[in-house]
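Here the structure comes first, spelled out in structure tokens, and everything after it is commentary.
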Amino acid sequence: MATKNDNEVRVSSDLSEGEIKAIQKRRERVKTCLHELLDVHFDEDKVPNIVVLGSGGGLRAMIALLGTLVELKNQNILDAVMYLCGVSGSTWCMSMLYTDSKWSEKLSLEENLINILTVDSWDISKAIDYLEESSEDENYSLTDVWTCVVYKILHQFDEKELTDYKDASESGINPYPIYAAVDKEKLSEAGASSPAHQMKVLRPMFIALGRVKVVRS
């Protein structure tokens, strides 16, 4: 696992201690929801892991995932979701939601979209300062430029780290978030043609956004 002062990311096929604790809390809410919704009872160790997967696609994917979550909330189904997973544009939605530790209890499509798309905080000087600072890093790339493009689209410059979303992730109130990412090493290996071989998931409770070093154990 990684902390805010540690840029190493734990890579393992086992769940982290933090995720295990978070899922234990979330499982009770999922169990209650399924009982009320479907009138079915599950033993504690038999509660299904229901996952919502968000696709990529920029602003379109962001709004689509937000709309889906709002409708799940309206239909009283959202509490049955154990995990929320996204990639690319859908993670824009996720990072916005998880700034609120109880977002799943007060989800509103109209309010969220108004806050995102009408509050213009774009500052070109801030974007330039960010790029100048990033260019001094040895891993500077087009990803840093893309950060400023996203900033322009969303009118937000999120300087938080994933560790800042710990409360929203581990309380059990919200689905546990997973961010999908491409494994650069696997992508460059010959024969690694399957997308499943190229993907990693980032459990965000103990991972800092930005540049990280992968440690395999």
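The values are calculated or read from the model by the stated rules, or taken from the named source; none is laboratory data. As the structure is a computational prediction, the values presented were derived from the model and not from experiment. We place every Cβ from the backbone using ideal geometry, glycine too, and count neighbours over all the protein chains shown. Keep in mind that these areas ignore ligands, DNA and RNA; they rest on the heavy atoms of the full protein, side chains included. Shrake-Rupley method; radii C 1.70, N 1.55, O 1.52, S 1.80 Å.
Of V145, V119, all but one fail to be hydrophobic (A, V, I, L, M, F, W, C), surrounded by fewer than 16 Cβ atoms within 10 Å (Cβ to Cβ), over 27 Å from L15 (Cα atoms) and at pLDDT 80 or above; the exception is V145.
How many residues does the range 168-183 hold that are in a helix (DSSP H, G or I), closer than 15 Å to L15 by Cα and open to solvent by less than 10 Å² (accessible area, probe 1.4 Å)? Show your work before the answer.
As a first pass, look at the range 168-183 and keep what is in a helix (DSSP H, G or I): 168-170.
Going one step further and asking which of them are closer than 15 Å to L15 by Cα, we end up with 169-170.
Next, from what is left, pick out any that are open to solvent by less than 10 Å² (accessible area, probe 1.4 Å): 169.
Total meeting the criteria: 1.
Note on the range 33-44: among residues that are assigned to a loop (DSSP other than H, G, I, E, B) and out of contact with any helix residue (DSSP H, G or I) (no Cβ under 7 Å at 6 or more places or on another chain), the one that is most open to solvent (accessible area, probe 1.4 Å) is D39. As a summary of the residue check, V30 satisfies the conditions (1) at pLDDT below 90; (2) surrounded by 12 or more Cβ atoms within 10 Å (Cβ to Cβ); (3) in a helix (DSSP H, G or I) except for the one numbered (1).
Right, D137: over 29 Å from I23 (Cα atoms) and either assigned to a helix (DSSP H, G or I) or at pLDDT 85 or above (or both) or not?
Details: over 29 Å from I23 (Cα atoms): yes; either assigned to a helix (DSSP H, G or I) or at pLDDT 85 or above (or both): no.
When the stated conditions are applied, D137 does not pass them.
Considering the conditions (1) of a type outside the set (A, V, I, L, M); (2) open to solvent by 30 Å² or more (accessible area, probe 1.4 Å); (3) at positive phi, G58 is excluded by exactly one of them, (2).
Of the numbered criteria (1) part of a helix (DSSP H, G or I); (2) of a type outside the set (S, T, N, Q); (3) at pLDDT below 65; (4) within 17 Å of the chain's Cα centre (by Cα), the one Y165 fails is (3). Residues of the range 61-78 that are within 23 Å of K166 (Cα to Cα) and loosely packed, with under 13 Cβ neighbours inside 10 Å: none at all.
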